[in-house]
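Visitor: Below is one structure. I have some questions about it.
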Amino acid sequence: MARIAGVNVPDNKRIPIALTYIHGIGRTTAFKICEKLGIDVQQRMGQADEDTLNQIRTEIEKGGYKIEGDLRRDISMNIKRLMDMRCYRGLRHRSGLPVRGQRTITNARTRKGPAKPIAGKKK
């Protein structure tokens with residue numbers, strides 16, 4: 001397994017798809033990196049030689065991409081800032097409810113967690 005930006009990327013996947021295993025690099029960014037470096041997008045990560053891997057590593061470092069720990073820290077700081085301001089979005093984050101206006105009566109189980117039974121509720 002190749003190690004790029006502190007992440008083990010799978011050998012059996014194509015290079016652009018394997019790069020998406022790095023937090024902060026999506027499909028579009030991965031294809032742009034491959035295009036910039038002249039890497040064949042059909043090539044598998046396991047077939048890439050060490051020189052290609054070093055090119056990818058330096059491009060990710062020097063390219064100004066915000067990835068992994070820096071990105072996670074920025075996202076958490078943005079959420080913390082909203083919560084400190086006590087704005088509506090911050091209050092929704094704090095109470096564990098959907099932030100972007102979704103309904104909560106029937107859905108929103110991802111944010112609210114598993115359903116809790118209500119004592120004495122009749123059907």
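Taken together, the values in this text are just the output of simple stated rules run on the coordinates, not laboratory data. Just so it is clear, the structure is predicted and the values come from calculations on it, not from any experiment. A quick note on method: Cβ atoms are made from the backbone with ideal geometry, for glycine too, and the neighbour counts reach across all protein chains shown.
Visitor: Tell me the mean residue ellipticity at 222 nm calculated for the chain from its helices only (DSSP H runs of n ≥ 4, each -39500 (n - 2.57), averaged over every residue, nearest 500).
Guide: Theoretical 222 nm ellipticity from helices: -14000 deg cm²/dmol.
Visitor: Hey, what do the phi angles of the range 103-120 turn into as Karplus ³J(HN,Hα) couplings, whole Hz, using 6.51/-1.76/1.60 and θ = phi - 60°, x for Gly and Pro?
Guide: 6, 10, 5, 9, 10, 6, 5, 5, 7, 7, x, x, 5, 9, x, 9, 5, x
Visitor: Further question on the same structure: When the dipole is taken about the Cα centre of the range 1-47, and only Lys, Arg (+1) and Asp, Glu (-1) are charged at their Cβ, what size is it in debye, to the nearest 20?
Guide: I would put it at about 60 debye.
Visitor: Taking 0.36 nm per intervening residue step and subtracting the Cα-Cα distance, what contour gain separates residue 118 from residue 11 on full extension? Don't jump to the answer; show the numbers that get you there.
Guide: Working: separation 107, 0.36 × 107 = 38.52 nm, distance 4.88 nm.
Answer, rounded to one decimal: 33.6 nm.
Visitor: Ok, one more. Say we join alpha carbon atoms closer than 10 Å with springs in a Gaussian network model of the chain; which of 57, 100, 27 then has the biggest fluctuation?
Guide: Top of the fluctuation ranking is 100.
Visitor: Now for a separate question. How high is the relative contact order of the range 45-123? Use alpha-carbon pairs under 8 Å, at least six apart in sequence, and give a whole percent.
Guide: 12 percent
Visitor: Roughly speaking, what is the centre-to-centre gap between the range 67-123 and the range 36-51 when only Cα atoms are used, to the nearest Å?
Guide: First find each Cα centre; the distance between them is then 40 Å.
Visitor: When the chain is modelled as a GNM with alpha-carbon springs shorter than 10 Å, which of 107, 78, 12 fluctuates the most?
Guide: Answer for the Gaussian network model of the chain: 107.
Visitor: Let me ask something else about it. What aspartates and glutamates sit close enough to residue 32 to cross-link, taking a C-alpha to C-alpha distance under 16 Å and skipping anything fewer than 8 places away on the same chain?
Guide: 40, 59, 61
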